[in-house]
Each structure stands twice: as structure tokens, then as C-alpha cells.
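The values are calculated or read from the model by the stated rules, or taken from the named source; none is laboratory data. Here the structure is a predicted model, which is why all the values come from computation and not from measurement. Neighbour counts are summed over all protein chains in view; Cβ atoms, including those assigned to glycine, are modelled from backbone coordinates with ideal geometry. These accessible areas exclude ligands, DNA and RNA; they are computed on the full protein's heavy atoms, side chains included. Shrake-Rupley method; radii C 1.70, N 1.55, O 1.52, S 1.80 Å.
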Amino acid sequence: MSLIPLLTQVSLKSGCHDKARCEAVLAEAGTKHVSLIESLLESELIDEHAFARHLAESTGLSFQEDTELDLSLPLHNRFPAKLALRHHLLPAKIEGKDISLMTYDPFDIEAKQAVGRELQKNVTWVVSSRYKIMEGLRQGYGVGAEHFDQLIEGRDVAGDEDDLAQEVTQLGEEDEEASVMNFVNQIFREALKERATDIHIEPLEKNLRIRYRVDGALQEVTVPPDIRALQASLISRLKIMAQLDIAERRLPQDGRINLELDGEPIDVRVATIPSVHGESVSLRLLTSKSFDMSMLGLDESSENIINGLLKQPNGIILVTGPTGSGKSTTLYAFLRKLNTIHTRIVTVEDPVENKLDGIIQIPVKPEIGLTFASGLRSILRGDPNIIMVGEMRDLETTDIAIRGALTGHLVFSTLHTNDAVAGITRLLDMGIEPFLIASSIRAFLAQRLVRTLCPACKRPATEIDDDYLDRIGFPKAGRDGIHEAVGCQMCRNTGYRGRMAIIEICKIEANLAEKITGNASYSELKKMSIENGMIPLRDYGWSKVSAGFTTIEEVLTNVDH
């Protein structure tokens, strides 16, 4: 039987409900002379695990179950990374001259020929799912291992720190420089594939650690052994890309890298910090996003309130919360909604994190005297309709913003406070007169980010302790909707995929304005806000838990009492 009919039959057994489409995918792959199986898997028409199992049955090969693999094998020392990563082969068992190799494409002749040339062993081929093999390669070899092996050949990996420092001068060789670049690019590619927002390269006493921040949580990345030997080359390459001084290792430095990977522009903010074991590098990945209100995950009632606020002709709307709570993303979503041909929007930011078409964005540069306050003064003379100030950092900036709001401008900005009502007391502490707050502020929006449950594997909570739920204040209504994290290949066994906003909206109604001008206490202001309809952060979080979007643990971890 030829391959296409065979693979079509296997596909139909593996969840494909469109025979014609499967045949079309296979025919196109055959015309382009690319892997038939790779094309099928990329089409997402089939279940990978089921496909691998039925393919093994059809070819008479053994099938490697996911649970049978021991990823603790020292793969670098037992099977060449170049061979494993180039052909997507994972050793399942190595005993003397016998080796069992996992593949998801048993018809890959090039891979079999390469194994025959490179290894003098008795090879047994087994079939496993692509996901399991790729996960095993990541864990067993580490990010960028194929390029790392090219770089490490001939190096003295046991050299001391002075030897590592001298390595920078050896980058003149064209092939080595290209390999370092490929290694760095692979780190970026893996991070983007995992939807990471940050990459941290951290020298430890005996190793170099790489971590990605995914959905707000840090995840350590498996790296090739002896990567410490390339620490200086790796960090120097990043500093060159960011146009930093590679000779300066004693002081922190900041820079930017403009990349384009697979046609997608990536803006990377780079920060280097000296440490006792060498320089640590933090990379913030800023990809081109389409900001809109839907990315906030708001319920209908909250979205209607915000839409009403955005229609205000003037006043200030402040988004509050700690660093990393998504305040800038929310403001960008607001600006994008308001960005029309009839509206002039100007921002002053530190730094400009995302570039928005049609909006004038000014980066703060204190070294030349361009601060939030001075930038805001200039903006007010530039005939804007809407202004966004990155942060209300001081009395001068806040005072200018308030006066801008009172003279007919709609102003957006941020504050670092624990909740919405605390924004009022923060402005009072800064020295803003109560009557100015009452007359210029339209609303405070407190915000947190929580991870959302993976839709592919979440399940209803199996054990719910009602006494515990009572203690944390979880409402009795909606407890049937509580779900828990499980973990699957879609979410890399974390149980979560993506994040959503938990918000608290404090509108400055007339009765609350009177309380502010009357110097009411924080508790009085909060009580009045709740009477006016404000839903506290935690209660809003409970509503998302009841709807099955997130978990109790996420709300408790990210939302203050």
C-alpha cells in the first residue's frame, strides 16, 4: 500500500472527520516533497497520540506509551544532540550496542540514513507521539542544544572565569559568530513559542540558568550541560545586539533589540545587572499585539461601565495595581478603542512598551530633561483630545494632569495602590486638594491578573470543603461551577493557559465626591463605593471562579484581602 492511502486510513482512525481534507493535505505535501506525517500533524486534523498508536499498528512497529519514558537519561553523553534535534529522534533505551529510537515519522529515510552513518549500533525503531518526543528533546538536551554543540567543540569547558572573559575576543571567526547568533535566536524562538513575556539569563556559581516568564509564572528552561563555558559569548552577543558597552561589566545597562523572527517584529527591552557570578540579563519581549477590550476578559456589566467612562468628554481615569498587573495593557486597549480619525491622542511613557498606529507616543528621557511633567506640559500645548501619562509619580505630574482634565481633556494614567479606593487616599497623601480629586477624577480601576484554566483539561473540582469556602468568603451560589487545574500537553502540564483581568471599578458619584471633599476616612469611602455598586476585587474574582475561568488559588494568590 502506498503511503497516502495508508496515512489516510490511519488519520480516519485518529479523529479526522474530513477524509477529503486529509487527502488534500497529504497530496499537497507529496507535491512539495515535504514530510507527509509532519504535514498531517501540522494540519491539526488528528489526535497526535491516537495517530502515533494507530501508525505503529499499521507499520508493525512498537508503540511507546507516554508514561514509559524516563527523561532523566543523560542524553548529551549517550546520543548526539545534532542527530536527535535535526531529525527529531529520542532515545528510549540504550544498552551497550543496542539502542531503541523513538520517532513520530517511521518513513523518514534521511533520518534512518543519518543514524546508520553516525552510530555503530543495533537500532530498534519505535513510534511515539510528536508532542512526547519534542518535550523529551527539550528536557533532555535543553534550548538551543544543536547550536550549542557546534560552539562547544574544541572548547575547554573546565576553564576559569578569566578564560570565559577572553572568549569574547574569539568571536571574530565568522562561523562561530553565526553559531552564537543561532543559539541566541533559538532561545528567543523557544520563548515566543511558549508565549513568554520575559527571558532571564542568570549566572549561578556553577551553571548558567535560563528562565521564561509564562502567564506571570517563572519556568526554568532545560539548558545544555556546560553552558557556563559560553556565558561570556552569550551575554556579549546580547549586549552587542542591544548596542551596549560589552567592556562595562560593573554597572547596570539598559538597551533595546529590534528583531524579526519568522516575519514577526519583536521589540526586546534589555537590562543587564552585575552580580557576584557575572552579569545577569533580563529580556522583556514585546510582540506586536492587537489591543482590544476582549483581551481583558471582562463581564458584560463591567464592560458597559467602562464603555460609559470612555465616552466622557473630559476627566481622569486611573488604573491602579502593583507592577505586572496589566495596567499598561488595559490603557492600550482603551486608547485603541478611542483611536479614530477625529481624535488626537498623545501619550508620555517610560518607556514606550508598544507602538500604536495613529497615536503620538513620547518616551520619557530624564537625562535631557524630558520628564513626565515636562512632557505633559508640552502635550497640553499640542491640541490633544486624549492624553495618557504612564504613571502619576509625583505631585507636579499629577497636578498638571488634573488641570488638563479640568480644561477639557480626557486623561488616562496609573497609580500603584492595593485597591481602587486607595487611589483616592494616595492622591490626598501626595498633596492634591480634595475638591480637585472630586471634580476631576471620573473613576479608579484596580486590576490584577490571574491565570485562566486550560480549556482542554480543566475539570470540575472533585473535593470542595464548604467550611474552607465559608472562611475565605466564597458565596454559596456558584460553588457548583468551581473547576480545578489538571495539566495536559496543550498547557505544558501547568493546568493554565493565558491570563485575564480581575477588576474593581470605583466611579466617583456625587455622594462619593461629597465624602472626599469632607475628608472622609478610607473605610467610609470604601463603604460608600460598595453601596454605589462597586464590586470588590475578590468578589469579582469569585465570579470568575464560579464561571469556570480560573481557580480559587489564583484569586487568593493575586488579590489582596
Inside region 101-144, the number of residues satisfying the requirement of being open to solvent by 20 Å² or more (accessible area, probe 1.4 Å), closer than 22 Å to F51 by Cβ and part of a strand (DSSP E or B) is 2
Going through region 330-350 in order, the residues found to be open to solvent by 40 Å² or more (accessible area, probe 1.4 Å) and either polar (S, T, N, Q) or over 20 Å from L298 (Cβ atoms) (or both) are N339, T340, I341, H342, R344, D350
Q) What about R426, is it open to solvent by 50 Å² or more (accessible area, probe 1.4 Å) and either assigned to a strand (DSSP E or B) or among the hydrophobic types (A, V, I, L, M, F, W, C) (or both)? A) no
Per the filter on region 311-329, residues of a type outside the set (V, I, T), crowded, with 17+ Cβ neighbours inside 10 Å and more than 23 Å from the chain's Cα centre (by Cα) are G315, L318
Exercise. Is it fair to say T323 is in a loop (DSSP other than H, G, I, E, B), of a type in the set (S, T, Y), modelled with pLDDT under 95 and under 24 Å from I257 (Cα atoms)?
Worked result: yes
Of the candidates G278, G308, the one satisfying the condition of being at positive phi and small (G, A, S) is G278
Here the qualifying pairs (Cβ atoms under 6 Å; residues six or more apart or on different chains; first in region 463-479 and closer than 12 Å to W542 by Cα; second among the small types (G, A, S) and surrounded by 10 or more Cβ atoms within 10 Å (Cβ to Cβ)) come out as G478/S546
Listed by range, helices (runs of 4 or more DSSP H) wholly within region 487-561 having at least 1 residues that are farther than 18 Å from S301 by Cα are 510-517, 522-531, 552-558
inquiry  = Any residue that is open to solvent by 10 Å² or more (accessible area, probe 1.4 Å), in contact with a helix residue (DSSP H, G or I) (Cβ under 9 Å, 6 or more places away or on another chain), among the hydrophobic types (A, V, I, L, M, F, W, C) and more than 21 Å from I306 (Cβ to Cβ) - is there at least one of those in region 526-549?
reply    = no
Given (1) surrounded by fewer than 19 Cβ atoms within 10 Å (Cβ to Cβ); (2) farther than 23 Å from A456 by Cβ; (3) not hydroxyl-bearing (S, T, Y), Q489 misses just (2)
Flagged in region 246-267 as surrounded by 11 or more Cβ atoms within 10 Å (Cβ to Cβ) and out of contact with any helix residue (DSSP H, G or I) (no Cβ under 8 Å at 6 or more places or on another chain), in numbering order, are E248, R249, P252, D254, R256, P265, D267
Matching residues in region 363-406 (without any contact (Cβ under 8 Å) to a residue 40 or more places away in the chain and either open to solvent by less than 80 Å² (accessible area, probe 1.4 Å) or within 25 Å of L428 (Cβ to Cβ) (or both)) number 25
